[in-house]
Amino acid sequence: MGLLEVKDLQAGYGKVDVLFGVSFSLEAGQSLGIVGPNGAGKSTLMKAIAGEVAMKSGTVQLQGSPITGKKPEDVVRLGLSLVPEGRQIFGGLTVTENLMLGLTGRRDKSSAKQALDQVRGLFPVLNTHADYQAGMLSGGQQQQLAIARALVADPKVLLLDEPSLGLAPTVIMDVFSKLKEIIALGTSVVIVEQRAHLVTAFANKTLIIRAGKIQATLTPEDAKDEAALRRAYFGAGA
Amino acid sequence: MQAILDAISLGGTYALAALGLGLVFGVMRLVNFAHAELITISAYLMVVTNDLPLLLSFLLAALGAALLAIVTELAIYRRLRGTGPAIMLIASFGLSVGLQKSYELIFGALPRSAAVAPWMTGSFEFAGLNFTISSIVTVAITIAILLAMGYLIERTTLGLQLRAAATDFKTARLLGVRSNRLIGSAFAISGILAASVGFILVVENPQVDPMFGLNITILALVGIVIGGISSLRGAALGGFIVGFILSILNTYLGNARVYAYSYLFLAVVIILLVRPGGILSKRNEMERV
């Protein structure tokens, strides 16, 4: 049994289905990439796992316990945090206030200070800019804040929806190097991205999703073959 | 001087009404027209418990308004969450009218009256100027409540969650903010604020009828729009501006005071033309892209 087990997940919006029986497993200490073109259902998958979008069928288990159908505020308390697409930091609040909000979903409040110290060590800019309005940070700094805010809840699994969105290439590499540190500290990571090459090379395993279904599973070795990667990403006709 | 004090007093009262409405709007995007009936029930409760000590009478009124606010959230708004703003708005209209009719059945259509805190209706002279006690007390109460609300919103965890939810409730929930608990708290606080407004109004005008809280609620809604609809500070500021302008107009227009609302709404139109998102909107939307 993996740390996160998703089985036959079907979800959508109203009468429109977006995901059609998605299944995958994430082991402790591992990273999983999910890539695919626009409209493939990547963000819906993240939202369904985190409880933001209602599932129509299927199951999600975290550490062997079902989290299917739970509210987002309960899912985070069970150990799964989502860094949403576009970061969604609270621009009108300070950096510290954003981090304090992240503590809301933490079960063990007695170690909250250590958690804050840990993320400030991981992302020093959050220390030097503690009293800045979060909306005044650069895109890369905002992404660091969004990840730190999710981390202080002490998740076993961290879901990241397009963490590279709107960032310069050098900043993207910084973010991914921080993700390596986070995995080394014991948090497993699921990364949704459109940058197939980057994620395939980074993650232990990468799933290609198209039209709401898992189409292929790739390993870091596959990142070396651009043509095969393109075929897997766009389909056989690419 | 008395006119300025009266204007500050009325402005403060409208600020409290607007803050109560703004709290609920912030977490639910709901324009709660039934806020008027929270003000009304608190005024009725203070009239019927007038024989009790004033503080106890007010506490009962605040408890009643807070309970009614929570019951309306549990029984109606919670069930309609996610149905869209138009349905929520119509529901709040329906609830407002339904509560007015219920008050009519319980308390009668004619005004119920009692001298609540009669010692506040007197006046005194200071430095050659005449002051009414009620305006002094109202200003003091308003400042105390606004300071307490400022502390709650700016310095407490609940306040931080309310501010976050007012900006983006979905993301706040992803971080663990419990939606039902937060919305329930916002309704309870809005009930207590409504009771504060009810107390101030019933001292000034001890004639309570089923539509007692309607006028101030509608004008407080106008205040929220001009202050900045997504900001609690904006709501309080907008409410204060509306009450202040209205009081000044009523004082200085003399026989032409029938046009006070016309001038008030002209001022509102000008403010919105200059700042379409409300007075504090630009500051709140400050964001580096």
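Go through region B:225-244 and give me each residue that's free of Cβ contacts under 8 Å to residues at least 60 places away in the same chain, surrounded by fewer than 24 Cβ atoms within 10 Å (Cβ to Cβ) and under 15 Å from B:Leu266 (Cα atoms). Listed by number, the list holds a single entry, B:Val225.
Is it the case that region A:82-95 has a residue that's in contact (Cβ under 8 Å) with a residue 60 or more places away in the chain, under 29 Å from A:Gly21 (Cα atoms) and in a strand (DSSP E or B)? Yes, the conditions are met somewhere in region A:82-95. Of the candidates A:Thr206, A:Thr217, the single residue that is crowded, with 17+ Cβ neighbours inside 10 Å and either modelled with pLDDT of 95 or more or touching a strand residue (DSSP E or B) at 6+ places or on another chain (Cβ under 7 Å) (or both) is A:Thr206. If only residues of region A:52-73 that are within 17 Å of the chain's Cα centre (by Cα) and within 9 Å of chain B (Cβ to nearest Cβ) are counted, the one that is surrounded by the fewest Cβ atoms within 10 Å (Cβ to Cβ) is A:Glu52. Within the option set B:Ile145, B:Ile133, B:Ile192, being within 30 Å of B:Gln2 (Cβ to Cβ), surrounded by fewer than 18 Cβ atoms within 10 Å (Cβ to Cβ), out of contact with any strand residue (DSSP E or B) (no Cβ under 6 Å at 6 or more places or on another chain) and more than 14 Å from chain A (Cβ to nearest Cβ) holds for one residue only, B:Ile133. Can you tell me which of (1) more than 11 Å from chain B (Cβ to nearest Cβ); (2) in contact (Cβ under 8 Å) with a residue 12 or more places away in the chain; (3) more than 15 Å from the chain's Cα centre (by Cα) is the one A:Thr128 doesn't meet? All conditions are met except number (2). Note on region A:177-198: residues that are out of contact with any helix residue (DSSP H, G or I) (no Cβ under 6 Å at 6 or more places or on another chain) and within 17 Å of A:Val35 (Cβ to Cβ) total 5.
Take the conditions (1) without any contact (Cβ under 8 Å) to a residue 12 or more places away in the chain; (2) within 14 Å of chain B (Cβ to nearest Cβ); A:Ser110 misses just one of them, which is (2). Quick check: anything in region B:100-108 out of contact with any Gly (no Cβ under 8 Å at 6 or more places or on another chain), of a type in the set (Val, Ile, Thr) and closer than 21 Å to B:Val71 by Cβ? Checked against the condition, which is being out of contact with any Gly (no Cβ under 8 Å at 6 or more places or on another chain), of a type in the set (Val, Ile, Thr) and closer than 21 Å to B:Val71 by Cβ, region B:100-108 yields at least one hit. Taking the conditions (1) more than 17 Å from the chain's Cα centre (by Cα); (2) more than 9 Å from chain A (Cβ to nearest Cβ); (3) surrounded by fewer than 20 Cβ atoms within 10 Å (Cβ to Cβ) in turn, B:Lys170 satisfies each one other than (2). The numbered conditions (1) over 25 Å from B:Ile141 (Cα atoms); (2) in contact with a strand residue (DSSP E or B) (Cβ under 6 Å, 6 or more places away or on another chain) are all true for B:Leu273 except (2). Check region B:96-114 and report whether any residue there is under 22 Å from B:Ala188 (Cβ atoms), within 22 Å of the chain's Cα centre (by Cα), aliphatic (A, V, I, L, M) and part of a helix (DSSP H, G or I). Checking region B:96-114: at least one residue is under 22 Å from B:Ala188 (Cβ atoms), within 22 Å of the chain's Cα centre (by Cα), aliphatic (A, V, I, L, M) and part of a helix (DSSP H, G or I). The condition of being away from chain B (no Cβ under 14 Å), over 21 Å from A:Thr187 (Cα atoms) and touching a residue at least 40 places away in the same chain (Cβ under 8 Å) does not hold for A:Leu32. No other residue among A:Asp74, A:Asp8, A:Asp17 is of a type outside the set (Ser, Thr, Tyr) and closer than 27 Å to B:Val177 by Cα apart from A:Asp74.
The values are calculated or read from the model by the stated rules, or taken from the named source; none is laboratory data. These numbers were taken from a predicted model, which means no experiment stands behind them. When we count neighbours, we look across all protein chains shown, and the Cβ atoms used for this are built from the backbone with ideal geometry, even at glycine.
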